[in-house]
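The values are calculated or read from the model by the stated rules, or taken from the named source; none is laboratory data. This structure is a prediction, so every number in the text was calculated from the model and none was measured. We place every Cβ from the backbone using ideal geometry, glycine too, and count neighbours over all the protein chains shown.
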Amino acid sequence: MTTMQPEQIFQRLAQLFAAYQQEQTKGDYVVYLDPGELQKRLDLEQESLPGDWQELFHWVETYLHYAVKTAHPGYLNRMWAGANLPSIIGEMTAALTNTSACTYETAPVSTLMEKYLIQSMLDLVGFQHGVGQMTTGSSNANMIAMLAARNRYSHCVKQQGLFGRKELFAFVNEEAHYSLDRAANILGLGSEHLIKVPADEHGRMDTQILAAELERVSEAGGKPFFVTATAGTTVRGGYDRLEPLLALRESYNFWLHVDGAWGGPVVFSPKLRAQYLPLLEQADSFTLDFHKMSGTALMCNVLLMQGNSSELRQALSAGDESYIFREGEDGSVRDLGTLSLQCGRRVDSLKWFLDWKFYGREGLARRVEQYLELCAYAEAQILQHEQLEMAVPRESFNICFRFRAPAGMDAAKLNTAIRERMQRQGRYLVGTGFVRGELALRLLVTNTQVGRPEIDAFLAAVVRSGQEILTARDTAFQ
Ligand SMILES: *Cc1c(COP(=O)(O)O)cnc(C)c1O
């Protein structure tokens, strides 16, 4: 049995991590195996020698060997890719110090960092009197915003539930994220009270239809209480326009939430904010994932709201919390757990803080601007290529495109086959999504390792895979 001292353990770990960091952008993005085969190779049920550090490091090496290299330039699949190094250091430090960010006494520095984050983001967004919290991601942030709105518009709902009272209705873009459906379910509204508003040709909520729906619901005695504008829809990258929504809010007095999980980071760049998110400062709440476009380690999110902490606290807190939470001396919020749905809270502030200090707002702005330029480049390349086509014109950061299928062939099947072929070869992982009911490949650039040459190579690989599949098919039919 190998015993090791903590110092040796950390040295070994540092070596392993440094080697992984070097290799992470090279070779294939994954050693691809089907689940059955991987199961065999991992042999998770093998006998272990308790207390053996050698064996423990063997498991870590095995994990790293089969892990998807999300920082690899071939990993184009999701809205996040390999994390920023400063935030990785933050993650490791948080793990090392293992505490919960719910009270000041257990997490003094984290509490102050989180308050600083919230204030910095409130100032940046322009919510003059606001509150906020770090949540586990935009899915939860969307739900918390809906919860706070529900409790504002349905008096005593916290005590009496939704039974026997005026019906509440929420409204979203039909292309909004599924987390809003989940929120409607969890909060007891039911999916029929989440109205999906058709999108226009730019993937934005059709506000004339929204206006008609608001009127219809109100006429029938319901209360439209919550409208979510999506800033960067997940598949197409459409930005709902806030101006008409703010005008409708004047008439119907709903809570206007902005889901900027994906496209929210345009707020770092004054130029892109003016283009994509004008009037954001007038919304009631806004959420943004730092773990997507800005590259902070998963999970890292902030939810911001207009108003003071008492409404948020009123909505979220319940039950006897006296064993754990203390007020600040002036009655201010001291323990951030009082504004949260969780009890134990992971320290997410440190990794954000290190990124913020290391890159600065300008650094993050440049990154987002560069991603957008790369997206414009990719679109131009696709438009020039006779075997590729855009599924819809690009709205912002998302590139939905296809390999053209020959007449009589199912384009969805062909493009799915292309994706799978590239995945199994370990070369590229690219997402898919449905645009107007048709399957498209969805290219997302959220990786600082990706530049024009990587985009060229990726598009060439799509074309090559498509051609190979067509050739194989032709041969099979001869
Ligand atoms: C990714 C995404 C979400 C969900 O975010 P998580 O942080 O993964 O929970 C919500 N809304 C939109 C528009 C998204 O793209």
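Some points to look at:
- Residue in region 228-250 that is nearest to the ligand (Cβ to nearest atom), counting only those that are without any contact (Cβ under 8 Å) to a residue 24 or more places away in the chain and either in contact with a strand residue (DSSP E or B) (Cβ under 7 Å, 6 or more places away or on another chain) or small (Gly, Ala, Ser) (or both): 249
- Checked against (1) more than 25 Å from residue 274 (Cα to Cα); (2) within 16 Å of the ligand (Cβ to nearest atom); (3) surrounded by fewer than 21 Cβ atoms within 10 Å (Cβ to Cβ), residue 79 passes all but a single condition, namely (1).
- The C-beta contact set for region 254-271 (first residue aromatic (Phe, Trp, Tyr), second residue assigned to a loop (DSSP other than H, G, I, E, B) and within 16 Å of the ligand (Cβ to nearest atom), distance under 6 angstrom, 6+ apart or interchain) comprises 262/79; 262/232; 262/292.
- Within region 14-25, residues that are within 14 Å of residue 57 (Cα to Cα) have Cβ atoms under 8 Å from residues that are surrounded by 14 or more Cβ atoms within 10 Å (Cβ to Cβ) in these pairs: 16/57; 16/60; 16/64; 20/64, counting only partners at least 6 apart in sequence or on another chain.
- Figure legend. Inter-residue proximity from region 375-394: first residues farther than 22 Å from residue 446 by Cα and without any contact (Cβ under 8 Å) to a residue 12 or more places away in the chain, second residues acidic (Asp, Glu) and surrounded by 13 or more Cβ atoms within 10 Å (Cβ to Cβ), beta-carbon distance below 9 Å, spacing 6+ or different chains. No pairs are indicated.
- Residue list for region 283-332, filter: among the hydrophobic types (A, V, I, L, M, F, W, C), surrounded by 14 or more Cβ atoms within 10 Å (Cβ to Cβ) and more than 30 Å from residue 371 (Cβ to Cβ): 312, 315, 316, 324, 325
- Scanning region 107-153 for residues that are farther than 25 Å from residue 90 by Cβ and among the charged types (D, E, K, R) gives 150, 152.
- Verdict on residue 192 being over 21 Å from residue 242 (Cβ atoms), more than 24 Å from the chain's Cα centre (by Cα) and surrounded by fewer than 16 Cβ atoms within 10 Å (Cβ to Cβ): yes
- In region 146-162, the count of residues that are under 15 Å from residue 312 (Cβ atoms), within 16 Å of the ligand (Cβ to nearest atom), surrounded by 24 or more Cβ atoms within 10 Å (Cβ to Cβ) and of a type outside the set (D, E, K, R) is one or more.
- Selected residue (only one of 316, 298, 303 is within 16 Å of the ligand (Cβ to nearest atom) and closer than 14 Å to residue 147 by Cβ): 303
- Residues located in region 115-139, provided they are in contact with a Cys (Cβ under 9 Å, 6 or more places away or on another chain) and among the aliphatic types (A, V, I, L, M): 134
- Within region 403-414, not a single residue is loosely packed, with under 14 Cβ neighbours inside 10 Å, at pLDDT below 95 and within 26 Å of the chain's Cα centre (by Cα).
- Members of region 160-198 found to be under 20 Å from residue 144 (Cβ atoms), part of a strand (DSSP E or B) and not small (Gly, Ala, Ser), listed by number: 168, 169, 171, 172, 173, 194
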